[in-house]
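The values are calculated or read from the model by the stated rules, or taken from the named source; none is laboratory data. Worth saying up front: this structure is predicted, and the values here are computed from it rather than measured. Reconstructed Cβ throughout: ideal geometry from the backbone, glycine too, with neighbour counts over all protein chains shown. Side chains are part of the model used for accessible areas, which takes the heavy atoms of the whole protein and leaves out ligands, DNA and RNA. Shrake-Rupley method; radii C 1.70, N 1.55, O 1.52, S 1.80 Å.
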Amino acid sequence: VYFASACMGSAASEVAARTTSTTNYLPTTGSFVWIVFGTTSTILYFYGLLGYQRPACDIFIAGITQFPPTAYTMLICWMSPQS
């Protein structure tokens with residue numbers, strides 16, 4: 001679950017890179033940023049720095065780590081030119 005954010009963000013970065021032209025500008029971050037983000041959150045969870053003893057807290061943290069790539073993906077979909 002924690003590394004899924006890297007896949008989502010990388011996919012959105014690829015869409016942004018392919019649809020950016022001189023007439024429109026989409027913010028691109030590159031896949032490396034999302035891979036570092038996903039790897040960091042996965043390592044922190046693995047060593048117990050993000051995981052807690054209560055399942056509800058783990059679900060909350062998983063949702064928090066999914067917010068940045070989801071928001072970025074929605075932004076890219078909203079700003080990309082429709083063909």
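Out of all the residues in segment 1-18, which are at pLDDT below 80 and surrounded by 17 or more Cβ atoms within 10 Å (Cβ to Cβ)?
Answer for segment 1-18, where residues must be at pLDDT below 80 and surrounded by 17 or more Cβ atoms within 10 Å (Cβ to Cβ): just TYR2.
Against the definition (modelled with pLDDT of 85 or more, loosely packed, with under 14 Cβ neighbours inside 10 Å and under 12 Å from the mean Cα position of the chain (by Cα)), how does PHE67 come out, yes or no?
Here the answer is yes, as PHE67 does meet what is asked.
Within segment 21-36, count every residue that is at pLDDT below 80 and open to solvent by 50 Å² or more (accessible area, probe 1.4 Å).
Of the residues in that region, 5 qualify.
Within the bounds of segment 47-62, is there any residue that is in contact with a Gly (Cβ under 7 Å, 6 or more places away or on another chain), at pLDDT 80 or above and surrounded by 14 or more Cβ atoms within 10 Å (Cβ to Cβ)?
No, the conditions are met nowhere in segment 47-62.
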